[in-house]
1. Enumerate the whole-percent occupancy of each 10 Å bin, from 0 to the last occupied one, for all C-alpha pair distances of the range 2-231.
2. Cα-Cα over 25 Å: which of 132/171; 40/118; 73/132?
3. Would you calculate the volume per residue, in Å³, of the smallest convex hull containing every Cα atom of the range 25-159?
4. Per residue Cα convex hull volume for the range 78-141, in cubic angstrom?
5. Give me a comma-separated list of calculated 3J(HN,Hα) values for the range 134-150, in order, Karplus coefficients 6.51, -1.76, 1.60 applied at θ = phi - 60°, integers in Hz, x for any Gly or Pro.
6. Only counting other Cβ atoms within 10 Å, I'd like 176, 144 sorted with the fewest neighbours first.
7. Rounded to a whole number of µm²/s, how large is the Stokes-Einstein D of the range 123-189 at 37 °C and 0.692 mPa s, given Rh as the Kirkwood radius over C-alpha pairs?
8. Counting only DSSP beta bridges with both residues in the range 2-231, what percent are antiparallel, rounded to the nearest 5?
Amino acid sequence: MRFSILVFPGSNCDYDAYHSIRHVLGQDAEFIWHEETDLKNPDCVILPGGFSYGDYLRCGAMASFSPAMERVKSFANDGGLVLGICNGFQVLTETGMLPGALLRNRSLSFICRDVFLKTENTHLPFTNRLDKDRLIRIPIAHAEGNYFCDPETLDELERENRVVFRYCDRKGNVTEEANPNGSLNNIAGITNREGNVLGMMPHPERAMESIVGNTDGMRVFQSLLAQFQKTGAY
């Protein structure tokens, strides 16, 4: 399976994604500079975490105008798989590929720690190897992870089962105390209507190896591989 990893000025998780794909999963991975318009024929595009353009203006806002993003939008419109992690999620909302926005954390501070997630939709290319009843522990590292949208959009996301991950406590309870950033309905990740674009604030690529004490993130990428092996594409 071929992965293209976009790199913006300020990206700082691009090598984490590359290592996870190339060295842990043993799949093809290639960096795509944000000014390029050739995505190199990927099966999946990853928009990594970081601080694209230093988060000037608004997190993800300037990156949304990068030439490569026009190709990413076309790729997604044709059914290609797109995974936006942290800043990548912010970029996806800024481009309109996903609804809503990521606001400043409720605490007004940067948060870097592990969180527990409930997988609400296990029928996606990104989640078919995840069990709805099994929690996963994934690290977060963000200052603007507070998901927000208007009430109509929120109702639509919930009704269409497009909330993919939700923050919870270690027992699976979705509570205000388990919400690290103030996101509406404890939302940690959402998908588009077609199910081929996923944005999530937690970092699965940082939970891929036993040497770091956590392999829960592996299941997200194993799901992508399983989807590819089943169909050859999305």
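Here, each number is a calculation from the coordinates, and none is a lab measurement. All of these numbers come straight from a predicted model, not from anything done at the bench. No Cβ is skipped: glycine too gets one built from the backbone with ideal geometry, and neighbour counts run over all protein chains shown.
1. 8, 37, 40, 14, 0
2. Distance filter (> 25 Å) returns 40/118; 73/132.
3. 142 Å³
4. That works out to 112 Å³ per residue.
5. 10, 6, 10, 10, 9, x, 10, 7, 7, 10, 10, x, 7, 6, 9, 7, 6
6. The fewest-first ordering by Cβ neighbours comes to 176, 144.
7. Roughly 253 µm²/s, to the nearest whole number.
8. 55 percent
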